[in-house]
Amino acid sequence: MHCPKCAIDLNDDVPRCPQCGFTIDDLDPVLGPPPERAGLVTDLAGVLTEAGRERLTGRLREFAERTGDEFLVVTRETTEPRLPSEYVFWLFDRWRVGGEGHTGLLVLLAMKERRIEVEVGFALEHFVTDAAACEILQGHAVPFLKKGAFDDGLFHSVNVLALVVEDGRRQEQEAEKEGKA
Ligand SMILES: [Zn+2]
């Protein structure tokens, strides 16, 4: 995300702005305690059908098995009083998505703001940058979300993001094998 004070680009590796000293802790007083995680999909806004949640959870579980990385989805009625892009950055940190190594992704759907956002852990950014991930959401989530098809919008965009990272991990493993041979 961008620093809310000076707009410099912040990385989840260093949740403190090198320019103005803003830290992610500054968001705690306004955002309060983070919501409780409900497994891989935390549907706080209640927009997914039971079948949709199961299909999405299954894909996220598959991703974890293939890569060893963590991919979570959260929906919220609103992220007020902050922007969805700030909220997802903050929640990624507070939930420690991907653990110490930041090998994780978090997709956020904010209903009132009509925004879908993604935070990609810095350890996965060489597979998919935040910018590339946002483009995937634009192409594979937004057309469905506009029609109110939340199950499909989340599933298809998450699936494409997962495929990109899975492919990157596979190539990495192959390169490692070749290096050893
Ligand atoms: Zn700053």
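Selection within segment 70-98: residues that are among the hydroxyl-bearing types (Ser, Thr, Tyr) and not in a strand (DSSP E or B). The member of this set that is surrounded by the fewest Cβ atoms within 10 Å (Cβ to Cβ) is 78. Taken over segment 37-52, the residue count meeting the criterion of being surrounded by 13 or more Cβ atoms within 10 Å (Cβ to Cβ) and touching a helix residue (DSSP H, G or I) at 6+ places or on another chain (Cβ under 8 Å) is 6.
Number of residues in segment 72-121 that are of a type in the set (Gly, Ala, Ser) and touching a Pro at 6+ places or on another chain (Cβ under 9 Å) equals 1.
Taken over segment 19-36, the residue count meeting the criterion of being within 8 Å of the ligand (Cβ to nearest atom) and loosely packed, with under 14 Cβ neighbours inside 10 Å is 3.
Just so you know, all these numbers are worked out from the coordinates, no wet-lab data involved. Since the model is a prediction, treat every value here as computed from it, not as a measurement. Counting neighbours? That spans all protein chains shown, and the Cβs are built from the backbone with ideal geometry, glycine included.
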